[in-house]
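Structure first, then comments.
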Amino acid sequence: MNTAVLHPVGYVRRRFRQWWQARLPLTDTMTLTQRNVYILPTRPGFMLGATLLVLLVGSINYQLNLGYLLTFLLAGCAVVGMHVCHATLRGLTLALMPPAPQFAGASAPLSVVLGNTRKSVRYGIGLAVLDTTHEDHWSWTDVPAQGSCTVQVAFRPERRGLHRVPPLTAETRFPLGTFRVWTVWRPAAQVLVYPAPELQPPPLPPGEPRGGGAAVLRAQNSGEFEGVRAYRRGDPLKLVVWKKVAKSDELVSRDTLQAQRMELWLDDQQCGVADREARLSRLAAWVLQADRLGQDYGLRLPGLQVAPGAGEAHKRRCLEALALC
C-alpha cells in the first residue's frame, strides 16, 4: 500500500523537508546569521508558557501582587534566555574539512571546524547528520572565546561511488532549555566510497609472464609466487614471506629476479562470480591483499586498465577505479 496513505503526516513532513533542503545553497563554509538560524520553543518551553498563563490568571483573579511579581520575573527570565539562546548560535562559523574516502558499509567520519570570533564562550552546541528518521546522533561541544574547535560526526554510505555529504544540522538549547535554536547546512563536498572488500576472498590469481619473459613460474594455492631464497641482511621486510616463516621458523625472502619475470594482474574476468558488485568486492579485497604483501599488481576492468605498480598512491588509484567504474 502507498506510504502516503498509511502515514500522511510523515509523508507531508518528508516532502516539505526535501523541498526546503533543495532551496539551501551548497557550501563547505557557512556563517550563521539571522537569515539561516531558526528558533522555536521546546516542550519544557511550552510547559513554562502554560505555567506563566496559569500564574497570571490566578494573580488577576485574586489580586496577588507577589503573584504578578513572580509571573513577570519568570517571563523576563524566559525572554532573556531566548535572546541568549539565539545569540549562542548566531555568528558561529562552520567549515567542513575534506572527507577521506571510505569503504561501503563503514562509517564515514566528517570533521567540522566551529569558529568563534566573539569574546565569550559559546556553550552547549550540538552537531549531527540530519536524519530523515529524526534519530540524529549528536556531538556536543563548547566553542572557546575567539577560538575554534573540531567536531566529528559520521554517516554510513551503503553503496559505492561518489556521494554528496548529507545535510548537517547544528543546534543549541543553552541556557534554560526552553528554546531550541537550530540551522540546516548543505555541504558541497563529496565522499568517494570504495566497494566493500570481500570478507574471505580466495587467494590472489597466478602471475602472468611478462612479454619476452623466460620461464613461467608456478603459483601456489596461497596466491604467492614460488620463488624464494634465504633471507639476506638488508632485505626489506615487505619481501619476507611470513607464511613460510611461520611454518619453518626460518627467514626467507622473495626472489625478486624471478618475480620480475611475472606480472600480477587483478582481472575482472578472473573473479569467478557472475554478480558485478560481488566481482568488484573481490577485486577490492585482492587489491588490499596484494598491497599488504608488497607485490606489484595491475588492474583490468571493462574499458579500463591500470598499469602494474605498488604503494599507497597506486592502491588508492585502483580502489578509485573500482568505486567509479
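Some notes on this structure:
- Cβ-Cβ FRET estimate between Phe72 and Tyr123, R0 fixed at 30 Å, reported to 0.05: 0.65
- For the peptides 9-17, 111-119, the ranking by mean Cβ contacts within 10 Å, running from highest to lowest, is 111-119, 9-17.
- Across region 143-152, rounded Karplus estimates of 3J(HN,Hα) from the backbone phi angles (6.51 cos²θ - 1.76 cosθ + 1.60, θ = phi - 60°) give 9, x, 5, 6, x, 8, 8, 10, 10, 10 Hz, Gly and Pro being marked x.
- For Asp28, residues with placed amide H under 5 Å, excluding near neighbours: Ala188
- R0 of 35 Å, Cβ-Cβ distance His83-Leu324: FRET efficiency to nearest 0.05: 0.10
- Arg43 versus Thr29: modelled label distance in nm, points set 7 Å from Cα along the beta carbon direction: 4.0
- Ranked by how many other beta carbons lie within 10 Å on average, peptides 155-165, 302-312, 190-200 from highest: 190-200, 155-165, 302-312
- A simple spin-label model places the labels of Phe16 and Trp138 2.2 nm from each other, with each point 7 Å out along Cα-to-Cβ.
- Charge tally in the Cβ shell below 13 Å around Pro144, where Lys, Arg are +1 and Asp, Glu are -1, Pro144 excluded: +2
- Burial order of peptide ranges 87-96, 100-109, 140-149 (average beta-carbon count within 10 Å, highest first): 87-96, 100-109, 140-149
- Residue-by-residue Karplus 3J(HN,Hα) for region 318-323, coefficients 6.51, -1.76, 1.60, Hz, glycine and proline x: 5, 5, 5, 4, 5, 6
- Surface share of carbon and sulfur [accessible, 1.4 angstrom probe, percent] for region 1-151: 64
- Distance (nanometres) between label positions extended 7 Å along Cα→Cβ at Glu208 and Tyr62: 9.3
- Projected area, mean over directions - region 97-196, Cα convex hull, nm²: 6.7
- For Val121, the amide hydrogen comes within under 5 Å of the amide hydrogens of Ala145, counting only partners 5 or more places away or on other chains and with H modelled in the peptide plane.
- Remark on Asp267: its backbone amide H falls under 5 Å from those of Arg300, a criterion applied only to residues 5 or more positions apart or on other chains, H modelled at 1.01 Å from N.
The values are calculated or read from the model by the stated rules, or taken from the named source; none is laboratory data. In this text the structure is predicted, and so the values were computed from the model without any measurement. Every residue, glycine among them, receives a Cβ derived from its backbone with ideal geometry; neighbour counts consider all protein chains shown. Surface areas here come from the heavy atoms of the whole protein model, side chains and all, with no ligands, DNA or RNA. Shrake-Rupley method; radii C 1.70, N 1.55, O 1.52, S 1.80 Å.
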